[in-house]
Structures are given as structure tokens and as C-alpha cells.
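Before any comments, here is the structure.
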Amino acid sequence: MRQFWIAIKLTAVMIVITGLAYPLLVTGLAGVLFPHQGAGSLITAGGKTVGSELIGQKFTRPEYFHGRPSAAGNDGYDGLSSTGSNLGPTNQKLIDRVKEDIKRVRAENPAYTGPIPADLVTQSGSGLDPDISPASAELQIPRVASTRGMSVDAVHQIVAAHTEGRQFGFLGEPRVNVLKLNLALDQPK
């Protein structure tokens, strides 16, 4: 019986340490050391929270850059349903969806005749990737510039200003955050 009470006490202590103290400590440190990231890397515009740097959003209007397709949730980009489609490369459903996405990208960007970057027609593992490759942004520049009545060079400069390099100079690939880019386009010139 003595060992039973020792086990109960040890369990209670571990619950307090790992279930309360440690999460509170980590959350407190994140809030102090990394306040922006600790709060979800939220982006505000006009005094209103419009999204997070870390979660993609669905942009379909022609005056905006479009992100990667999403399988998260029924309509995509559902942060509560983060997931990929789990369809393999030989799955006919995936093949058909990619073919439709290629047609859509070509129809939205008729001035572009080159190869379509894979990230514009494939979903990320989470379905919530907020970034596209610089090549995917370049492909969309003529459409966005034309729709907004801007010069291609002006839009190209905005894309270049919002292209992030490899993390620490060697991790990952260069990328463009779609939400930040679209917000920059909406800023008064």
C-alpha cells in the first residue's frame, strides 16, 4: 500500500511539473523572448488582424498572388484541419486534380507559356503553406500588374522586396510569403 501512495504522489508531482509548470514557463519565455512568434506571428493591417505569417490563405481574385493549393478542410486552408491529401503519385484522383490545377493556372495567366512550378499545382504536407517559390510569383506578375494597372517592373520590385532567402543562408529554398506580398500590393503608393 505504501508503494501505491508513492506512485500516486509521484504522478501528481509529474502532472504539476509537466502539465502546468513547464508549459507556463515555455509560454512565458516565448512571450518575453519572442513576442511576435509567441503570439502566433500574427499580421495586422489597418488595426485588424488579417492572418498569420505561418498559415496560408486562399486568394482567388486576379489582382492578388495565389498560393499553393490546400487539402486542409473542405474548402482548403482550414487551420483546424491541417493535413495533406495523402494521395500517392499514381493515384488517379491526384493526377486529375493536378491536371485541373495546371489548366487553371494557364487560364489565369495566359501570358505565361513556360513550365509551371510544382508548388502552384501541388499541396504541401500540412495544406497550409503560406509561401510560394519566387518562380511561382514571377509567373503571376503580368496578371497582377495588368489587373492592378501597374507596371510589370513595379510589381517585380515588390516581389523582389518580399522574397526571403534561405534560412541562415543554407536551410530551405528562397520563398515569398503570399499574404505579406498581397498586403504590400494593397498599400497606397
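Being part of a strand (DSSP E or B) and either small (G, A, S) or modelled with pLDDT under 90 (or both): is that true of G19 here?
Numbers: part of a strand (DSSP E or B): no; either small (G, A, S) or modelled with pLDDT under 90 (or both): yes.
No.
Return the residues of the stretch 134-166 that are loosely packed, with under 12 Cβ neighbours inside 10 Å and closer than 24 Å to R104 by Cβ; say none if nothing qualifies.
Result: G149, single match.
Which one of G88, G169 is of a type outside the set (A, V, I, L, M), surrounded by fewer than 13 Cβ atoms within 10 Å (Cβ to Cβ) and within 24 Å of A71 (Cβ to Cβ)? So that I can check it myself, show each step before the final result.
Values: G169 fails: within 24 Å of A71 (Cβ to Cβ).
Just one listed residue meets the conditions, G88.
How many of the residues in the stretch 156-175 are touching a helix residue (DSSP H, G or I) at 6+ places or on another chain (Cβ under 7 Å), of a type in the set (A, V, I, L, M, F, W, C) and over 17 Å from D119 (Cβ atoms)?
As a first pass, look at the stretch 156-175 and keep what is touching a helix residue (DSSP H, G or I) at 6+ places or on another chain (Cβ under 7 Å): 156, 158-159, 162-163, 174.
Retained after the next criterion (residues that are of a type in the set (A, V, I, L, M, F, W, C)): 158-159.
Filter once more, so that each one left must be over 17 Å from D119 (Cβ atoms): 158.
The number of residues fulfilling the criteria is 1.
Kindly indicate which of R68, R61 is under 30 Å from L183 (Cβ atoms) and either surrounded by 10 or more Cβ atoms within 10 Å (Cβ to Cβ) or at pLDDT below 90 (or both).
On the way: R61 fails: either surrounded by 10 or more Cβ atoms within 10 Å (Cβ to Cβ) or at pLDDT below 90 (or both).
Answer to the selection: R68.
I need a count of the residues in the stretch 30-41 that are closer than 17 Å to L181 by Cβ and loosely packed, with under 13 Cβ neighbours inside 10 Å. Outline the logic, then answer.
Of the stretch 30-41, the ones closer than 17 Å to L181 by Cβ are 41.
Filter once more, keeping what is loosely packed, with under 13 Cβ neighbours inside 10 Å: none.
Qualifying residue count for the region: 0.
Go through the stretch 153-188 and report how many residues are in a loop (DSSP other than H, G, I, E, B), touching a residue at least 12 places away in the same chain (Cβ under 8 Å) and of a type in the set (K, R). Talk me through it step by step, then tell me what you get.
Filtering the stretch 153-188 for residues in a loop (DSSP other than H, G, I, E, B) gives 162, 165-166, 168-170, 172-174, 187-188.
Narrowing further to those that are touching a residue at least 12 places away in the same chain (Cβ under 8 Å): 162, 173-174.
Of the ones still in play, those that are also of a type in the set (K, R) are none.
Residues that pass the stated criteria total 0.
Are any residues in the stretch 60-76 of a type in the set (G, A, S) and more than 16 Å from A135 (Cβ to Cβ), and if so, which ones? Explain how you work it out, then say what you get.
Filtering the stretch 60-76 for residues of a type in the set (G, A, S) gives 67, 70-73, 76.
Of everything in the stretch 60-76, those that are of a type in the set (G, A, S) and more than 16 Å from A135 (Cβ to Cβ) turn out to be S70, A71, A72, G73, G76.
Taking the conditions exactly as written (outside the structural domain of T122 (by TED's automatic domain parsing), free of Cβ contacts under 8 Å to residues at least 12 places away in the same chain and surrounded by 11 or more Cβ atoms within 10 Å (Cβ to Cβ)), does G19 satisfy them or not?
Values: outside the structural domain of T122 (by TED's automatic domain parsing): yes; free of Cβ contacts under 8 Å to residues at least 12 places away in the same chain: yes; surrounded by 11 or more Cβ atoms within 10 Å (Cβ to Cβ): no.
The answer is no for G19.
Only one residue in V32, V26, V50, V13 is aliphatic (A, V, I, L, M), in contact with a helix residue (DSSP H, G or I) (Cβ under 9 Å, 6 or more places away or on another chain), part of a helix (DSSP H, G or I) and at pLDDT 90 or above. Which one? Explain how you work it out, then say what you get.
Details: V26 fails: in contact with a helix residue (DSSP H, G or I) (Cβ under 9 Å, 6 or more places away or on another chain); V50 fails: part of a helix (DSSP H, G or I); V13 fails: in contact with a helix residue (DSSP H, G or I) (Cβ under 9 Å, 6 or more places away or on another chain).
Selected residue: V32, the only one of V32, V26, V50, V13 that is aliphatic (A, V, I, L, M), in contact with a helix residue (DSSP H, G or I) (Cβ under 9 Å, 6 or more places away or on another chain), part of a helix (DSSP H, G or I) and at pLDDT 90 or above.
For A135, indicate whether it is modelled with pLDDT of 95 or more, out of contact with any Lys or Arg (no Cβ under 6 Å at 6 or more places or on another chain) and either part of a loop (DSSP other than H, G, I, E, B) or closer than 20 Å to F59 by Cβ (or both). Walk me through it before giving the result.
Details: modelled with pLDDT of 95 or more: yes; out of contact with any Lys or Arg (no Cβ under 6 Å at 6 or more places or on another chain): yes; either part of a loop (DSSP other than H, G, I, E, B) or closer than 20 Å to F59 by Cβ (or both): yes.
In short, yes.
For Q37, only one of the following conditions fails: (1) modelled with pLDDT of 90 or more; (2) within 25 Å of S70 (Cα to Cα). What is its number?
It is condition (1) that Q37 fails.
Taking the stretch 102-128, which residues are within 13 Å of the chain's Cα centre (by Cα), assigned to a loop (DSSP other than H, G, I, E, B) and aliphatic (A, V, I, L, M)?
Pass one, the stretch 102-128, residues within 13 Å of the chain's Cα centre (by Cα): 119-120, 123-128.
When the remaining residues are screened for being assigned to a loop (DSSP other than H, G, I, E, B), the result is 123-128.
Listed by number, the list holds a single entry, L128.
Condition test on G56, is it of a type outside the set (S, T, Y), at pLDDT below 95 and surrounded by fewer than 18 Cβ atoms within 10 Å (Cβ to Cβ)? If you could, list the steps in order and put the result at the bottom.
Details: of a type outside the set (S, T, Y): yes; at pLDDT below 95: yes; surrounded by fewer than 18 Cβ atoms within 10 Å (Cβ to Cβ): no.
For G56, the condition - of a type outside the set (S, T, Y), at pLDDT below 95 and surrounded by fewer than 18 Cβ atoms within 10 Å (Cβ to Cβ) - is not met.
Just to be sure before I move on: is G114 in contact with a Ser or Thr (Cβ under 7 Å, 6 or more places away or on another chain), at pLDDT below 95 and under 20 Å from P69 (Cα atoms) in the structure I sent?
On the way: in contact with a Ser or Thr (Cβ under 7 Å, 6 or more places away or on another chain): no; at pLDDT below 95: yes; under 20 Å from P69 (Cα atoms): yes.
For G114, the condition - in contact with a Ser or Thr (Cβ under 7 Å, 6 or more places away or on another chain), at pLDDT below 95 and under 20 Å from P69 (Cα atoms) - is not met.
The values are calculated or read from the model by the stated rules, or taken from the named source; none is laboratory data. Predicted model only: the values in this text are computed from it and were never measured. Heads up, the Cβs are rebuilt from the backbone with ideal geometry, glycines too, and the neighbour counts pull from every protein chain shown.
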